[in-house]
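The values are calculated or read from the model by the stated rules, or taken from the named source; none is laboratory data. All figures in this text were calculated on a predicted structure; none of them were measured in a lab. Because the Cβ atoms are built from the backbone with ideal geometry, glycine has one as well, and the counts that use them run over all protein chains shown.
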Amino acid sequence: MSSPKLLTGRESRPGHFYVVTTVVSRRAALFLDPALARLAADAMRTGEAESLAWVVMPDHVHWLLRVGATPLSRCVQAFKSRAARAINAARGTSGPVWQAGFYDHRLRHEEDLHAQARYIVANPLRRGLVGKIEDYPHWWCQWVSCSDDLCA
């Protein structure tokens, strides 16, 4: 069960931007398997929200999105459901893929959307998984195409 503290102050506002983090069940490094990481990425691309940036880390996902008419909780639940079905089918398993709940942060007007996106996609660099973002295959951002773009 997720912590009720995650729900404190949560509201979904159409047209607003959110950073979401959700974690794999038992923090298993499921996405060290490139095929499973691609399935999670595909599930973010085909959702109810507009994806602006994301990164699939070995045991969690960071996602910058803009919510439309579908509430944030529903967008995240739908993503997790799509990804879990695809991942379980690929592994020949069943059961939970994700921990319950998710962390979210609604960006305020004064926060720099592009800086948030750069921060998200730089996660593999900060974790020491790669030396430059071009070497990490499981990320996307509409404003970043290489490591040079992270310093803007």
Residues being over 13 Å from the mean Cα position of the chain (by Cα) and under 20 Å from residue 19 (Cα atoms) - total across the stretch 125-150: 10
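Identify the residue in the stretch 51-70 that is surrounded by fewer than 17 Cβ atoms within 10 Å (Cβ to Cβ) and not basic (Lys, Arg) and, among all such residues, is nearest to residue 100 (Cα to Cα). Give the steps one after another, and end with the answer.
As a first pass, look at the stretch 51-70 and keep what is surrounded by fewer than 17 Cβ atoms within 10 Å (Cβ to Cβ): 59, 66, 68-70.
From the residues that got through so far, the ones that are not basic (Lys, Arg) too are 59, 68-70.
On the way: 59: 14, 68: 23, 69: 23, 70: 20 Å.
Top of the filtered list is 59.
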Test: residue 48 is closer than 26 Å to residue 144 by Cα, crowded, with 16+ Cβ neighbours inside 10 Å and modelled with pLDDT under 95: yes
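Okay, residues lined up against (1) of a type in the set (Gly, Ala, Ser); (2) assigned to a strand (DSSP E or B); (3) surrounded by fewer than 19 Cβ atoms within 10 Å (Cβ to Cβ):
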| site | (1), (2), (3) |
| --- | --- |
| 115 | yes, no, yes |
| 120 | no, no, no |
| 125 | no, no, yes |
| 128 | yes, no, yes |
| 144 | no, no, no |
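Listed here are the residues, each with its yes/no results for (1) touching a strand residue (DSSP E or B) at 6+ places or on another chain (Cβ under 9 Å); (2) charged (D, E, K, R).
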| residue | (1), (2) |
| --- | --- |
| 71 | no, no |
| 83 | yes, no |
| 86 | no, no |
| 94 | no, no |
| 97 | yes, no |
| 105 | yes, no |
| 123 | yes, no |
| 127 | no, yes |
